[in-house]
Structures are given as C-alpha cells and as structure tokens.
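Here's the structure we're looking at; comments come further down.
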Amino acid sequence: MGLDARAQQLPVTTLPLDHPFDAHPGAAADTAIHVSIWQRSPWTGVASAPRTTALALTSPTGSSSIGWGARVWSDVAGPTRMAGAHAGLAYTTRWTKSLRLSFGLGLGFTQFAIDGNRIEFEQEGDPALGDTYQSVGVPDATAGIWITGKGLKAGFSAGQVLGGNLPVYDGTGVESRLESHLRGMVAYRFTSGIFGWTPIVQFQHLRPVPAETSLALRVDRNQEHWLMAGYRSAGAAHFGAGIRINNQLTFSYNRNWAMGTLARVLGGGHEVVLAFTVPR
C-alpha cells in the first residue's frame, strides 16, 4: 500500500523583525553589520519535538548598493535532521524617495539525515530504513525582495527553489522531495509619543498544504523595550518581550501555546533571538 505525506519543511518564526535574513535573503541589504542567534523549540509536550537553531551574519560591502549575508542552521526532530549553510547577496535600489527595494539571492547546501538506530520498528529489519544512519545532501537556493522605508519592513521570498529528490529511501519505491516554500512578511511601525505600535502580518505556503497566516502586534517604548502578542492560523497563540542594550545588543523571547484539540498533546513552545549590531 502506498503512502503519501506532505508537511512544512522550513521552520516558521514568531520574531521576524529580530532575524529577518533567516527567511528573506534581501534583508542582507541593511546598512549595518548584524549577527543573530535564533533558537525555536515548539511542541514541548511531544517527545523528540523539533528544535531549530540558526546563526546568521549580514554586512554591507564597499558598495552602497550591495550587501551580503551567510547563515548556518540545524533542524532536529526525533530521528531526523536537516542542516545547511547558505550565503547570499542583496542588491538595493531606490524604489521611491522614501522606499528602498532590495533583491536577494542565496545559494547553499542542505543535508537531510535519518538515524535508523533511534527508530523502534514493530518488525525488526524494516527495509524502508533499516537500523543505519543515512544522509544525503542537495544544493539549495532562496530568492526574494526586501522593502524598507520609514516605519515599513516587508519581505517576500521563495525557499528551497531548486527542490530536488532526497534518495534516502532508494530501492523501496518511496520518494521524498524538497518543495518550494513561499513566505512573506509585512510590518509597519506607527508612533505615538515615546511609544511605537507595529502590526506584523506573515504568511507561508507550501503546495498543497493550506497556507498559514500569522498576525501579531508589537508595542515598544522608544524601541528600547517591547511586548508583543499574536495568533497563527494553524492554531497557536504567542506572547513575548524584548530589550535593547546600548543600541547594540538585543534579546527577544516568545512563548507559544497550541490551541484547540491539539493543545493537550503539543503543549507550548519557546523562541529566543540574541542579536548584535556591530558599531561602525
């Protein structure tokens, strides 16, 4: 009997303003040097729940129109693991007098692995995996645009553009593929005295899985301290806070809760971003 399963392959984030390059290669166009460390641990109620960790660096170049970025990441879920390294360039031009438009392209390598020794089979010696560690690597690419202006940040990108087969199950008749993800984010900061109000809208679509939308509101005081709350259409709410230290170091934390009938099974999750802006 043949089985067919489709699922999200790239992780989502509830803190898109704190590490945008992880999803949008055009964000490398920023005029300052940024370093960010991101970790997300959803589904704390599930044994061997997924855990994502990423380290990213973006920097301007000698040209005011070109920036570059690089990132390494790992996503572990039970006996499976995805890891990769990517680098990219972003070209920036003036769209209007107040808006900057950046085109980003990233290239890299992604490895997918399954540790058969960590899987308990009903029948020993299952030919689909066996009891060995298997891994395969494929080239990968991302592309997108990044728009910035007074109060505005918006990104639209496609991840895993090259797709490709993952021949982990060779000889079993089972095919596994990387599928392209479409992702978008729009945020605009309104000001009222010393306070800022930033609504954030995100979406992600992986065909044929239904698109997912996330809505959030971030409230800050002089961009030094902030609180945020939001909801994801997949059935999760989140609440977080952040602080900026010396205009260089920022720390953000978000707590996620599954909602509905899955709440008792999935539990909640945690997301943390530590970001550093290098003085120039």
Which of the residues belonging to the range 27-46 are in a loop (DSSP other than H, G, I, E, B) and over 30 Å from Gly149 (Cβ atoms)? Pro42, Trp43, Thr44, Gly45, Val46
Please pick out the residue among Gly144, Gly171, Gly155 that is modelled with pLDDT under 85 and either touching a Pro at 6+ places or on another chain (Cβ under 9 Å) or under 24 Å from Ala70 (Cα atoms) (or both). Gly171
Condition test on Glu179, is it surrounded by fewer than 20 Cβ atoms within 10 Å (Cβ to Cβ), touching a residue at least 60 places away in the same chain (Cβ under 8 Å), among the acidic types (Asp, Glu) and assigned to a strand (DSSP E or B)? no
When every residue in the range 201-246 that is modelled with pLDDT under 90 and polar (S, T, N, Q) is compared, the one surrounded by the fewest Cβ atoms within 10 Å (Cβ to Cβ) is Asn246
With criteria (1) farther than 21 Å from Thr148 by Cβ; (2) touching a helix residue (DSSP H, G or I) at 6+ places or on another chain (Cβ under 9 Å); (3) of a type in the set (A, V, I, L, M), Met185 comes up short on (1)
Which residue is modelled with the lowest pLDDT, if the candidates are limited to the range 47-59 and must be crowded, with 16+ Cβ neighbours inside 10 Å and not in a strand (DSSP E or B)? Ala49
Considering only residues of the range 24-46 that are over 20 Å from His270 (Cα atoms) and among the small types (Gly, Ala, Ser), which is surrounded by the fewest Cβ atoms within 10 Å (Cβ to Cβ)? Ala32
If you go through the range 247-271, how many residues are assigned to a strand (DSSP E or B) and either of a type in the set (Gly, Ala, Ser) or crowded, with 18+ Cβ neighbours inside 10 Å (or both)? 8
In the range 192-222, what residues are in contact (Cβ under 8 Å) with a residue 24 or more places away in the chain, not β-branched (Val, Ile, Thr) and not in a strand (DSSP E or B)? Arg207, Pro208, Asn222
With the first residue restricted to the range 58-77 and required to be more than 27 Å from Arg100 (Cβ to Cβ), and the second required to be of a type in the set (S, T, N, Q) and part of a strand (DSSP E or B), Cβ contacts under 6 Å at 6 or more apart or on different chains are Ser74/Thr53; Asp75/Thr52
Out of the residues in the range 82-106 that are surrounded by 17 or more Cβ atoms within 10 Å (Cβ to Cβ) and farther than 28 Å from Gly149 by Cβ, state the one that is modelled with the lowest pLDDT. Met82
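The values are calculated or read from the model by the stated rules, or taken from the named source; none is laboratory data. Keep in mind that this is a model prediction, so the values were computed, not measured. Note that we place each Cβ from the backbone using ideal geometry, even for glycine, and neighbour counts take in every protein chain shown.
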